[in-house]
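Chemist: First, the structure itself, so that you have it in front of you.
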Amino acid sequence: MFPTFLPTTVSQLTESTSIALAQSIEQIAICTPMSTQPITTTYVHQGSGGTPFLLIHGFDSSVLEFRRLLPLLAGDNETWAVDLLGFGFTDRPATIPLNATAIKTHLYHFWKTLINQPVILVGASMGGAAAIDFTLSYPQIVQKLVLIDSAGVTGSSPVGRFIFPPLDYLATEFLRNPKVRNSICRTAYKNKQLASTDAQLCAKLHLEASSWSQALIAFTKSGGYKSFKFKQLSQIQQQTLILWGDSDKILGIKDARSFKLAIPNSKLIWIQDCGHVPHLEQPHITAQHILDFRHSI
(Lines give C-alpha, C1' and ligand atoms only; values in the text may rest on other atoms or scores of the structure.)
Protein backbone atom coordinates (compact mmCIF):
# COMPACT_ATOMS: atom_id res chain seq x y z
CA MET A 1 0.00 0.00 0.00
CA PHE A 2 1.15 3.52 -0.80
CA PRO A 3 0.95 6.31 1.80
CA THR A 4 -2.31 8.22 1.43
CA PHE A 5 -0.51 11.59 1.35
CA LEU A 6 1.10 10.75 -2.01
CA PRO A 7 -0.72 11.61 -5.26
CA THR A 8 -2.94 8.81 -6.57
CA THR A 9 -0.79 8.62 -9.72
CA VAL A 10 1.85 6.87 -7.57
CA SER A 11 -0.07 3.68 -8.39
CA GLN A 12 1.25 3.96 -11.97
CA LEU A 13 4.84 3.19 -10.89
CA THR A 14 6.14 -0.03 -12.42
CA GLU A 15 9.78 -0.46 -11.34
CA SER A 16 10.10 -2.55 -8.19
CA THR A 17 12.60 -0.16 -6.58
CA SER A 18 10.30 2.80 -7.24
CA ILE A 19 7.28 1.03 -5.78
CA ALA A 20 9.20 -0.15 -2.71
CA LEU A 21 10.63 3.29 -1.93
CA ALA A 22 7.31 5.07 -2.46
CA GLN A 23 5.64 2.61 -0.10
CA SER A 24 8.26 3.35 2.57
CA ILE A 25 7.89 7.16 2.56
CA GLU A 26 6.86 8.51 5.96
CA GLN A 27 5.78 11.87 7.37
CA ILE A 28 6.72 13.67 10.57
CA ALA A 29 5.94 17.15 11.93
CA ILE A 30 9.27 18.96 12.45
CA CYS A 31 9.34 21.94 14.80
CA THR A 32 11.70 24.78 13.83
CA PRO A 33 12.29 28.34 15.06
CA MET A 34 11.07 29.63 11.69
CA SER A 35 7.38 29.18 12.48
CA THR A 36 5.01 28.41 15.32
CA GLN A 37 3.58 25.67 13.14
CA PRO A 38 5.56 22.45 12.58
CA ILE A 39 6.57 21.51 9.05
CA THR A 40 5.18 18.21 7.81
CA THR A 41 8.26 16.56 6.38
CA THR A 42 8.54 13.45 4.20
CA TYR A 43 11.44 11.04 4.54
CA VAL A 44 12.59 7.44 4.18
CA HIS A 45 14.43 5.47 6.86
CA GLN A 46 15.85 2.00 6.24
CA GLY A 47 18.59 -0.21 7.67
CA SER A 48 20.44 -0.12 10.96
CA GLY A 49 23.97 0.00 12.30
CA GLY A 50 27.04 2.06 11.51
CA THR A 51 27.29 5.80 11.02
CA PRO A 52 23.99 6.85 9.41
CA PHE A 53 23.88 7.99 5.81
CA LEU A 54 21.73 11.05 5.12
CA LEU A 55 20.82 11.48 1.44
CA ILE A 56 19.96 14.89 -0.02
CA HIS A 57 18.17 15.08 -3.40
CA GLY A 58 18.66 17.54 -6.24
CA PHE A 59 16.74 20.54 -7.61
CA ASP A 60 13.00 20.07 -8.18
CA SER A 61 13.26 16.45 -7.04
CA SER A 62 12.31 14.19 -4.13
CA VAL A 63 13.42 11.17 -2.10
CA LEU A 64 12.33 9.03 -5.06
CA GLU A 65 15.61 10.09 -6.68
CA PHE A 66 17.32 7.56 -4.38
CA ARG A 67 15.06 4.61 -5.21
CA ARG A 68 17.96 2.53 -6.58
CA LEU A 69 20.78 3.70 -4.29
CA LEU A 70 19.14 3.76 -0.86
CA PRO A 71 18.34 0.02 -0.59
CA LEU A 72 21.94 -0.82 -1.51
CA LEU A 73 23.31 1.41 1.26
CA ALA A 74 20.71 0.27 3.80
CA GLY A 75 21.65 -3.40 3.50
CA ASP A 76 24.04 -3.08 6.42
CA ASN A 77 23.87 0.60 7.35
CA GLU A 78 21.26 2.96 8.74
CA THR A 79 20.16 5.18 5.86
CA TRP A 80 17.92 8.23 5.68
CA ALA A 81 16.63 10.35 2.81
CA VAL A 82 14.58 13.51 3.31
CA ASP A 83 12.60 15.89 1.13
CA LEU A 84 14.08 19.33 1.67
CA LEU A 85 11.92 22.28 2.69
CA GLY A 86 9.99 23.43 -0.37
CA PHE A 87 10.71 20.27 -2.37
CA GLY A 88 9.37 16.78 -2.87
CA PHE A 89 6.35 16.04 -0.70
CA THR A 90 7.44 18.12 2.31
CA ASP A 91 5.16 21.04 3.18
CA ARG A 92 5.75 24.44 1.59
CA PRO A 93 4.61 26.96 4.25
CA ALA A 94 3.86 30.35 2.66
CA THR A 95 4.94 32.06 5.90
CA ILE A 96 8.56 30.86 5.64
CA PRO A 97 10.84 32.58 3.09
CA LEU A 98 12.17 29.74 0.96
CA ASN A 99 15.91 30.12 0.62
CA ALA A 100 19.14 28.25 1.36
CA THR A 101 19.16 29.36 5.00
CA ALA A 102 15.61 28.11 5.60
CA ILE A 103 16.43 24.78 3.93
CA LYS A 104 19.51 24.40 6.14
CA THR A 105 17.56 25.25 9.30
CA HIS A 106 14.81 22.76 8.46
CA LEU A 107 17.39 20.07 7.66
CA TYR A 108 19.15 20.65 10.97
CA HIS A 109 15.94 20.24 12.95
CA PHE A 110 15.03 17.13 10.95
CA TRP A 111 18.45 15.70 11.86
CA LYS A 112 18.08 16.79 15.50
CA THR A 113 14.60 15.26 15.81
CA LEU A 114 15.20 11.88 14.19
CA ILE A 115 18.93 11.15 13.92
CA ASN A 116 20.84 13.23 16.48
CA GLN A 117 24.26 11.69 15.86
CA PRO A 118 27.04 12.39 13.32
CA VAL A 119 26.21 11.35 9.75
CA ILE A 120 27.81 10.65 6.40
CA LEU A 121 26.12 13.32 4.29
CA VAL A 122 25.43 12.43 0.65
CA GLY A 123 24.28 15.18 -1.73
CA ALA A 124 23.41 14.82 -5.41
CA SER A 125 23.38 17.76 -7.84
CA MET A 126 21.76 20.72 -5.97
CA GLY A 127 21.69 18.42 -2.96
CA GLY A 128 25.48 18.55 -3.06
CA ALA A 129 25.37 22.34 -2.66
CA ALA A 130 22.92 21.90 0.23
CA ALA A 131 25.26 19.32 1.78
CA ILE A 132 28.26 21.64 1.46
CA ASP A 133 26.32 24.51 3.03
CA PHE A 134 25.21 22.24 5.88
CA THR A 135 28.74 20.92 6.43
CA LEU A 136 30.21 24.42 6.64
CA SER A 137 27.53 25.48 9.13
CA TYR A 138 27.42 22.32 11.27
CA PRO A 139 30.83 20.64 10.90
CA GLN A 140 30.35 18.69 14.13
CA ILE A 141 27.36 16.86 12.62
CA VAL A 142 29.00 15.71 9.38
CA GLN A 143 31.54 12.91 9.83
CA LYS A 144 32.18 12.50 6.09
CA LEU A 145 30.85 14.12 2.92
CA VAL A 146 29.89 12.56 -0.41
CA LEU A 147 29.19 14.75 -3.46
CA ILE A 148 27.53 13.19 -6.51
CA ASP A 149 27.77 15.40 -9.63
CA SER A 150 27.35 18.31 -7.25
CA ALA A 151 26.24 21.86 -7.82
CA GLY A 152 28.13 24.54 -5.93
CA VAL A 153 30.82 25.68 -8.35
CA THR A 154 28.71 26.81 -11.29
CA GLY A 155 25.90 28.41 -9.25
CA SER A 156 22.10 28.46 -9.44
CA SER A 157 19.72 26.90 -11.93
CA PRO A 158 19.61 28.70 -15.32
CA VAL A 159 15.80 28.84 -15.06
CA GLY A 160 16.30 31.63 -12.49
CA ARG A 161 16.63 34.30 -15.17
CA PHE A 162 13.01 33.63 -16.19
CA ILE A 163 11.60 33.82 -12.65
CA PHE A 164 10.06 37.30 -12.61
CA PRO A 165 6.43 38.37 -13.21
CA PRO A 166 4.81 37.36 -15.46
CA LEU A 167 7.50 34.96 -16.62
CA ASP A 168 7.72 33.25 -13.21
CA TYR A 169 4.41 31.49 -13.87
CA LEU A 170 5.41 30.74 -17.47
CA ALA A 171 8.77 29.34 -16.33
CA THR A 172 7.22 26.90 -13.89
CA GLU A 173 4.57 25.91 -16.40
CA PHE A 174 7.40 25.32 -18.87
CA LEU A 175 9.05 23.00 -16.31
CA ARG A 176 5.71 21.28 -15.75
CA ASN A 177 5.34 20.50 -19.46
CA PRO A 178 5.68 16.70 -19.93
CA LYS A 179 7.81 17.05 -23.06
CA VAL A 180 10.21 19.41 -21.28
CA ARG A 181 10.52 17.18 -18.20
CA ASN A 182 11.03 14.10 -20.36
CA SER A 183 13.78 15.92 -22.26
CA ILE A 184 15.52 16.89 -19.01
CA CYS A 185 15.18 13.32 -17.77
CA ARG A 186 16.77 11.94 -20.93
CA THR A 187 19.61 14.49 -20.77
CA ALA A 188 20.45 13.37 -17.22
CA TYR A 189 21.26 9.83 -18.42
CA LYS A 190 23.92 8.66 -20.83
CA ASN A 191 21.91 5.49 -21.40
CA LYS A 192 18.66 6.98 -22.69
CA GLN A 193 16.80 3.71 -22.20
CA LEU A 194 16.94 4.38 -18.45
CA ALA A 195 14.77 7.47 -18.95
CA SER A 196 11.78 5.13 -18.83
CA THR A 197 8.14 5.97 -18.22
CA ASP A 198 8.68 4.96 -14.60
CA ALA A 199 11.71 7.25 -14.27
CA GLN A 200 9.76 10.14 -15.76
CA LEU A 201 6.90 9.57 -13.31
CA CYS A 202 9.33 9.53 -10.37
CA ALA A 203 10.75 12.83 -11.59
CA LYS A 204 7.37 14.58 -11.75
CA LEU A 205 5.19 12.96 -9.08
CA HIS A 206 5.91 15.78 -6.62
CA LEU A 207 4.55 18.36 -9.06
CA GLU A 208 1.11 17.37 -7.77
CA ALA A 209 2.05 18.51 -4.26
CA SER A 210 0.40 21.68 -2.97
CA SER A 211 2.12 24.98 -3.87
CA TRP A 212 4.81 23.34 -6.03
CA SER A 213 4.88 26.25 -8.47
CA GLN A 214 4.89 28.99 -5.80
CA ALA A 215 7.70 27.31 -3.85
CA LEU A 216 9.88 26.83 -6.92
CA ILE A 217 9.44 30.49 -7.84
CA ALA A 218 10.22 31.63 -4.28
CA PHE A 219 13.36 29.49 -4.01
CA THR A 220 14.71 30.58 -7.38
CA LYS A 221 13.98 34.25 -6.68
CA SER A 222 15.97 33.93 -3.45
CA GLY A 223 19.06 33.13 -5.52
CA GLY A 224 19.09 29.45 -4.59
CA TYR A 225 22.57 28.09 -3.95
CA LYS A 226 25.18 30.44 -5.30
CA SER A 227 28.63 29.18 -6.19
CA PHE A 228 30.96 28.56 -3.24
CA LYS A 229 34.26 30.39 -3.28
CA PHE A 230 37.53 28.44 -3.21
CA LYS A 231 38.18 29.79 0.29
CA GLN A 232 34.84 28.40 1.54
CA LEU A 233 35.41 24.97 0.05
CA SER A 234 38.93 24.88 1.50
CA GLN A 235 37.37 25.11 4.98
CA ILE A 236 35.81 21.65 4.61
CA GLN A 237 37.95 19.42 6.81
CA GLN A 238 35.90 16.24 6.49
CA GLN A 239 37.00 13.43 4.24
CA THR A 240 35.12 14.07 1.02
CA LEU A 241 34.31 11.64 -1.77
CA ILE A 242 33.52 13.22 -5.13
CA LEU A 243 31.68 10.90 -7.51
CA TRP A 244 31.12 12.16 -11.06
CA GLY A 245 29.63 10.71 -14.21
CA ASP A 246 32.18 10.95 -17.01
CA SER A 247 29.46 11.95 -19.49
CA ASP A 248 27.52 14.49 -17.41
CA LYS A 249 25.56 16.71 -19.84
CA ILE A 250 23.81 18.72 -17.11
CA LEU A 251 26.79 20.21 -15.23
CA GLY A 252 29.61 18.97 -17.44
CA ILE A 253 32.80 17.53 -15.95
CA LYS A 254 34.94 20.61 -15.25
CA ASP A 255 33.41 21.23 -11.81
CA ALA A 256 34.53 17.81 -10.57
CA ARG A 257 38.16 18.84 -10.81
CA SER A 258 37.39 22.22 -9.25
CA PHE A 259 35.93 20.50 -6.19
CA LYS A 260 38.93 18.19 -5.99
CA LEU A 261 41.34 21.12 -6.06
CA ALA A 262 39.40 23.18 -3.52
CA ILE A 263 38.47 20.61 -0.86
CA PRO A 264 41.66 19.59 1.00
CA ASN A 265 40.86 16.03 2.09
CA SER A 266 39.01 14.90 -1.03
CA LYS A 267 39.10 12.06 -3.52
CA LEU A 268 37.61 12.18 -7.03
CA ILE A 269 36.28 9.01 -8.66
CA TRP A 270 34.88 9.05 -12.17
CA ILE A 271 31.87 6.83 -12.78
CA GLN A 272 32.45 5.44 -16.24
CA ASP A 273 29.87 5.40 -19.01
CA CYS A 274 27.51 7.51 -16.92
CA GLY A 275 25.66 10.83 -17.05
CA HIS A 276 24.54 13.27 -14.35
CA VAL A 277 22.86 10.71 -12.09
CA PRO A 278 25.29 7.89 -11.16
CA HIS A 279 23.02 6.92 -8.25
CA LEU A 280 20.34 6.05 -10.83
CA GLU A 281 22.40 5.01 -13.83
CA GLN A 282 25.15 3.05 -12.06
CA PRO A 283 23.65 2.48 -8.58
CA HIS A 284 25.67 -0.63 -7.65
CA ILE A 285 29.01 0.95 -8.55
CA THR A 286 28.02 4.20 -6.82
CA ALA A 287 26.88 2.36 -3.69
CA GLN A 288 30.09 0.30 -3.52
CA HIS A 289 32.26 3.43 -3.69
CA ILE A 290 30.21 5.02 -0.90
CA LEU A 291 30.34 1.89 1.26
CA ASP A 292 34.09 1.59 0.75
CA PHE A 293 34.45 5.27 1.66
CA ARG A 294 32.49 4.67 4.85
CA HIS A 295 35.28 2.37 6.10
CA SER A 296 38.22 4.44 4.81
CA ILE A 297 40.54 6.21 7.26
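Chemist: SER24 - would you say it is surrounded by 14 or more Cβ atoms within 10 Å (Cβ to Cβ) and among the polar types (S, T, N, Q)? Before you say what the answer is, go through the steps one by one.
Modeler: On the way: surrounded by 14 or more Cβ atoms within 10 Å (Cβ to Cβ): yes; among the polar types (S, T, N, Q): yes.
Spelling it out, SER24 is indeed surrounded by 14 or more Cβ atoms within 10 Å (Cβ to Cβ) and among the polar types (S, T, N, Q).
Chemist: If you don't mind, there's one more thing I want to ask. Could you grab the pairs with beta carbons closer than 6 Å, sequence gap of 6+ or different chains, first residue in the range 268-297 and under 10 Å from LEU243 (Cα atoms) and in contact (Cβ under 8 Å) with a residue 24 or more places away in the chain, second one outside any strand (DSSP E or B) and hydroxyl-bearing (Ser, Thr, Tyr)?
Modeler: PRO278/THR286; HIS279/THR286
Chemist: Take the range 211-235 and flag every residue that is in contact with a helix residue (DSSP H, G or I) (Cβ under 6 Å, 6 or more places away or on another chain), assigned to a helix (DSSP H, G or I) and in contact (Cβ under 8 Å) with a residue 60 or more places away in the chain.
Modeler: LEU216, THR220, LEU233
Chemist: Checking the conditions here, which among THR9, THR17, THR41 is of a type outside the set (A, V, I, L, M), farther than 19 Å from THR113 by Cα and buried (at least 17 other Cβ atoms within 10 Å of the Cβ)? So that I can check it myself, show each step before the final result.
Modeler: Values: THR9 fails: buried (at least 17 other Cβ atoms within 10 Å of the Cβ); THR41 fails: farther than 19 Å from THR113 by Cα.
The unique qualifying residue is THR17.
Chemist: Looking for something of a type in the set (Gly, Ala, Ser), modelled with pLDDT of 95 or more and either over 19 Å from the mean Cα position of the chain (by Cα) or not in a helix (DSSP H, G or I) (or both) - is there at least one such residue anywhere in the range 202-210? Steps first, please.
Modeler: Narrowing the range 202-210 to residues of a type in the set (Gly, Ala, Ser): 203, 209-210.
Now narrow it down to the ones that are modelled with pLDDT of 95 or more: none.
Within the range 202-210, not a single residue is of a type in the set (Gly, Ala, Ser), modelled with pLDDT of 95 or more and either over 19 Å from the mean Cα position of the chain (by Cα) or not in a helix (DSSP H, G or I) (or both).
Chemist: Turning to a different aspect of this structure: Quick one: in the range 261-293, which of the residues that are assigned to a helix (DSSP H, G or I) and in contact with a Gly (Cβ under 7 Å, 6 or more places away or on another chain) is surrounded by the fewest Cβ atoms within 10 Å (Cβ to Cβ)?
Modeler: Going residue by residue through the range 261-293, those that are assigned to a helix (DSSP H, G or I) are 261-262, 278-281, 283-293.
Still in the running and in contact with a Gly (Cβ under 7 Å, 6 or more places away or on another chain): 278, 281.
Details: PRO278: 27, GLU281: 22.
Going through the qualifying residues, I end up with GLU281.
Chemist: For the range 141-164, check the following and say yes or no: at least one residue is surrounded by fewer than 19 Cβ atoms within 10 Å (Cβ to Cβ), at pLDDT 95 or above and in a loop (DSSP other than H, G, I, E, B).
Modeler: no
Chemist: Can you tell me which residues in the range 60-80 are in contact with an Asp or Glu (Cβ under 6 Å, 6 or more places away or on another chain) and either surrounded by fewer than 22 Cβ atoms within 10 Å (Cβ to Cβ) or in a helix (DSSP H, G or I) (or both)? Please lay out each step first, then the result.
Modeler: Pass one, the range 60-80, residues in contact with an Asp or Glu (Cβ under 6 Å, 6 or more places away or on another chain): 62-63.
Answer for the range 60-80, where residues must be in contact with an Asp or Glu (Cβ under 6 Å, 6 or more places away or on another chain) and either surrounded by fewer than 22 Cβ atoms within 10 Å (Cβ to Cβ) or in a helix (DSSP H, G or I) (or both): just VAL63.
Chemist: Shifting gears a bit: Are any of the residues in the range 242-257 surrounded by fewer than 20 Cβ atoms within 10 Å (Cβ to Cβ), out of contact with any Pro (no Cβ under 8 Å at 6 or more places or on another chain), among the hydroxyl-bearing types (Ser, Thr, Tyr) and under 17 Å from ALA129 (Cβ atoms)?
Modeler: For the range 242-257, residues surrounded by fewer than 20 Cβ atoms within 10 Å (Cβ to Cβ), out of contact with any Pro (no Cβ under 8 Å at 6 or more places or on another chain), among the hydroxyl-bearing types (Ser, Thr, Tyr) and under 17 Å from ALA129 (Cβ atoms): absent.
Chemist: Going by the conditions given, is ASN99 surrounded by fewer than 22 Cβ atoms within 10 Å (Cβ to Cβ), touching a Gly at 6+ places or on another chain (Cβ under 8 Å), under 28 Å from PHE293 (Cα atoms) and in contact (Cβ under 8 Å) with a residue 60 or more places away in the chain? Spell out how you get there, then give the answer.
Modeler: On the way: surrounded by fewer than 22 Cβ atoms within 10 Å (Cβ to Cβ): yes; touching a Gly at 6+ places or on another chain (Cβ under 8 Å): yes; under 28 Å from PHE293 (Cα atoms): no; in contact (Cβ under 8 Å) with a residue 60 or more places away in the chain: yes.
It is false that ASN99 is surrounded by fewer than 22 Cβ atoms within 10 Å (Cβ to Cβ), touching a Gly at 6+ places or on another chain (Cβ under 8 Å), under 28 Å from PHE293 (Cα atoms) and in contact (Cβ under 8 Å) with a residue 60 or more places away in the chain.
Chemist: For the range 40-74: of the residues being over 12 Å from the mean Cα position of the chain (by Cα) and modelled with pLDDT under 95, which is nearest to ILE141 (Cα to Cα)?
Modeler: GLY50
Chemist: Restricting attention to the range 26-39, and to residues there that are free of Cβ contacts under 8 Å to residues at least 24 places away in the same chain and part of a strand (DSSP E or B), which single residue is farthest from the chain's Cα centre (by Cα)? I'd like the intermediate steps shown before the answer.
Modeler: At the first step, the residues of the range 26-39 found to be free of Cβ contacts under 8 Å to residues at least 24 places away in the same chain are 26, 29, 36, 38.
Retained after the next criterion (residues that are part of a strand (DSSP E or B)): 26, 29.
Numbers: GLU26: 17, ALA29: 20 Å.
Here the answer is ALA29.
Chemist: When SER258 is evaluated against the numbered criteria (1) in a helix (DSSP H, G or I); (2) closer than 25 Å to SER183 by Cα; (3) among the small types (Gly, Ala, Ser), which criterion, by number, is the only one it fails?
Modeler: Single failed check for SER258: (2).
Chemist: HIS284 passes all but one of (1) farther than 30 Å from GLY50 by Cα; (2) out of contact with any strand residue (DSSP E or B) (no Cβ under 8 Å at 6 or more places or on another chain); which number fails?
Modeler: Going through the list (1) farther than 30 Å from GLY50 by Cα; (2) out of contact with any strand residue (DSSP E or B) (no Cβ under 8 Å at 6 or more places or on another chain), HIS284 breaks only (1).
Chemist: I would also like to ask the following. Any residue at all in the range 182-196 that is surrounded by fewer than 22 Cβ atoms within 10 Å (Cβ to Cβ), modelled with pLDDT under 95 and over 21 Å from ILE250 (Cα atoms)?
Modeler: No, that holds for no residue.
Chemist: Could you please find all residues in the range 239-297 being modelled with pLDDT of 95 or more, more than 16 Å from VAL146 (Cβ to Cβ), small (Gly, Ala, Ser) and out of contact with any Lys or Arg (no Cβ under 9 Å at 6 or more places or on another chain)?
Modeler: Across the range 239-297, the qualifying residue is only SER258.
The values are calculated or read from the model by the stated rules, or taken from the named source; none is laboratory data. Keep in mind that what you see is a predicted model, and the values were worked out from it rather than measured. Virtual Cβ from ideal backbone geometry, glycine too; neighbours counted across all protein chains shown.
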